[in-house]
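Student: Pasting in a structure now, in structure tokens, and then I'll have a few things to ask.
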Amino acid sequence: MSDTMKSRLRPPARGAVHPALPGTPPTRRRSSRAVLRQRATPFVFLAPVIVLFLGFKVYPVFYALALSFTQNVGGVTRFVGGANYGRLLDDPLFWTALRNTLEILVIQVPLMLGLAIVLAVALNSRLLKWRSFFRVAYFVPIVMGLVAYGILFSALLNYQNGFINYLLTSVGLPRIPWLADPFWAKASIIMAMTWHYTGQSTVMYLAQLQSIPNELYEAAQMDGANRRQQFWHVTIPGLRPAILLTVVLSTIGTLQLFDEPYVLTGGGPDNATLTIGMYLYDSAFKNFDFGYASAIGYVLALIVTAVSVIQMLVLRRRAQ
């Protein structure tokens, strides 16, 4: 056998390229491509989510910001600077909507969270039978759609044929114009929101309660603390992280309130339940004033951010 044939049959050294395969890439180039492919794989899978996020989240935010500095006059969109924001200062309907929203916020959020704490403590008690059943029962309302439960409450609060007025008249009390009187209309919205969202906060508090060590209660009991003192000095401090979270989330949700007044009262009577969310909707999709609606949306976002930051700072200082 010739030397040429022997050299062709001899296996190549490690890292060397076989002379019979001149088109084979080097091992280093092959490994770099593999590393590059491995690094790019996560971005390939994330690409659809990133594209959807940019298209449906980031782009609308910046487009609405640009739109808030424009105004449509005679079918022509033109730049008006801060005219839409200045218009808000002189708009009495905007201030009415803001006042209504804050009134509902100040009453509904403390009422709902206080009730949620009481329910969480009761559902965490070992003396309660069928605890699992009651936990599910109080959480079920949050699963119901906003429009669906709004229609449910509009039927319950009907002046003539509503079930609540039927109960009132059955015990000799007069009917209440739940949805026709300004005061009772706000009360109806607060009642509907409390029924719908209390279960969610209750579950959060219940999870936090189960993380409080029993040794703290035993130590407090040995020091002579009664049930009320244990609640204020052990339970409430243990619930502070959950309270901070629920206060911020509930405040944000209430400031963006739209579904309940839209379904129950339509903002009436006499704009008594008109909220900022409803006013934004009316400006955009009834009056087709999208520039002004965008300005309302950004002012609302600033209010939500400011209130949330203040709440977090105050609650954290109290927790220290």
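Student: Can you confirm whether the range 281-298 contains a residue that is modelled with pLDDT of 90 or more, under 18 Å from V106 (Cα atoms) and not charged (D, E, K, R)?
Tutor: no
Student: Against the definition (more than 30 Å from L313 (Cβ to Cβ) and surrounded by 16 or more Cβ atoms within 10 Å (Cβ to Cβ)), how does A185 come out, yes or no?
Tutor: yes
Student: From (1) of a type in the set (V, I, T); (2) surrounded by fewer than 22 Cβ atoms within 10 Å (Cβ to Cβ); (3) in contact with a Phe, Trp or Tyr (Cβ under 8 Å, 6 or more places away or on another chain), pick out the condition that doesn't hold for V309.
Tutor: Exception for V309: condition (3).
Student: Also, I was wondering about something else. Taking the conditions exactly as written (without any contact (Cβ under 8 Å) to a residue 24 or more places away in the chain, of a type in the set (K, R) and out of contact with any Phe, Trp or Tyr (no Cβ under 7 Å at 6 or more places or on another chain)), does R99 satisfy them or not?
Tutor: Answer is yes for this residue.
Student: Just one of the numbered conditions (1) out of contact with any helix residue (DSSP H, G or I) (no Cβ under 6 Å at 6 or more places or on another chain); (2) under 30 Å from M204 (Cβ atoms) is not true of T96; which one?
Tutor: Exception for T96: condition (2).
Student: Quick test for you: out of A180, A192, pick the one residue that is part of a loop (DSSP other than H, G, I, E, B) and in contact (Cβ under 8 Å) with a residue 60 or more places away in the chain.
Tutor: On the way: A192 fails: part of a loop (DSSP other than H, G, I, E, B).
None of the other options fit; the residue is A180.
Student: Looking only at residues in the range 143-176 that are of a type in the set (G, A, S) and in contact (Cβ under 8 Å) with a residue 40 or more places away in the chain, which one is surrounded by the most Cβ atoms within 10 Å (Cβ to Cβ)?
Tutor: G150
Yes/no per residue for (1) of a type in the set (A, V, I, L, M); (2) within 17 Å of the chain's Cα centre (by Cα):
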| position | (1), (2) |
| --- | --- |
| P213 | no, no |
| N226 | no, no |
| H233 | no, no |
| T246 | no, yes |
| E260 | no, yes |
| T265 | no, no |
| L302 | yes, yes |
| A306 | yes, yes |
| Q311 | no, yes |
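Student: Also: Do we find that L280 is surrounded by 18 or more Cβ atoms within 10 Å (Cβ to Cβ), touching a residue at least 24 places away in the same chain (Cβ under 8 Å) and closer than 30 Å to D90 by Cα in this structure?
Tutor: Working: surrounded by 18 or more Cβ atoms within 10 Å (Cβ to Cβ): yes; touching a residue at least 24 places away in the same chain (Cβ under 8 Å): no; closer than 30 Å to D90 by Cα: yes.
No, not satisfied.
Student: Go through (1) part of a loop (DSSP other than H, G, I, E, B); (2) polar (S, T, N, Q); (3) modelled with pLDDT under 90 and name the single condition N271 misses.
Tutor: (3)
Student: Quick check on the range 59-77. Is at least one of its residues surrounded by fewer than 11 Cβ atoms within 10 Å (Cβ to Cβ), assigned by TED's automatic domain parsing to the domain that holds A293 and either assigned to a helix (DSSP H, G or I) or hydrophobic (A, V, I, L, M, F, W, C) (or both)? Spell out how you get there, then give the answer.
Tutor: First, pick out the residues of the range 59-77 that are surrounded by fewer than 11 Cβ atoms within 10 Å (Cβ to Cβ): 62, 73-76.
Narrowing the set further to residues that are assigned by TED's automatic domain parsing to the domain that holds A293 leaves none.
Taking every residue of the range 59-77 in turn, none turns out to be surrounded by fewer than 11 Cβ atoms within 10 Å (Cβ to Cβ), assigned by TED's automatic domain parsing to the domain that holds A293 and either assigned to a helix (DSSP H, G or I) or hydrophobic (A, V, I, L, M, F, W, C) (or both).
The values are calculated or read from the model by the stated rules, or taken from the named source; none is laboratory data. Computed from a prediction, not measured in an experiment: that's the story for all the values here. When we count neighbours, we look across all protein chains shown, and the Cβ atoms used for this are built from the backbone with ideal geometry, even at glycine.
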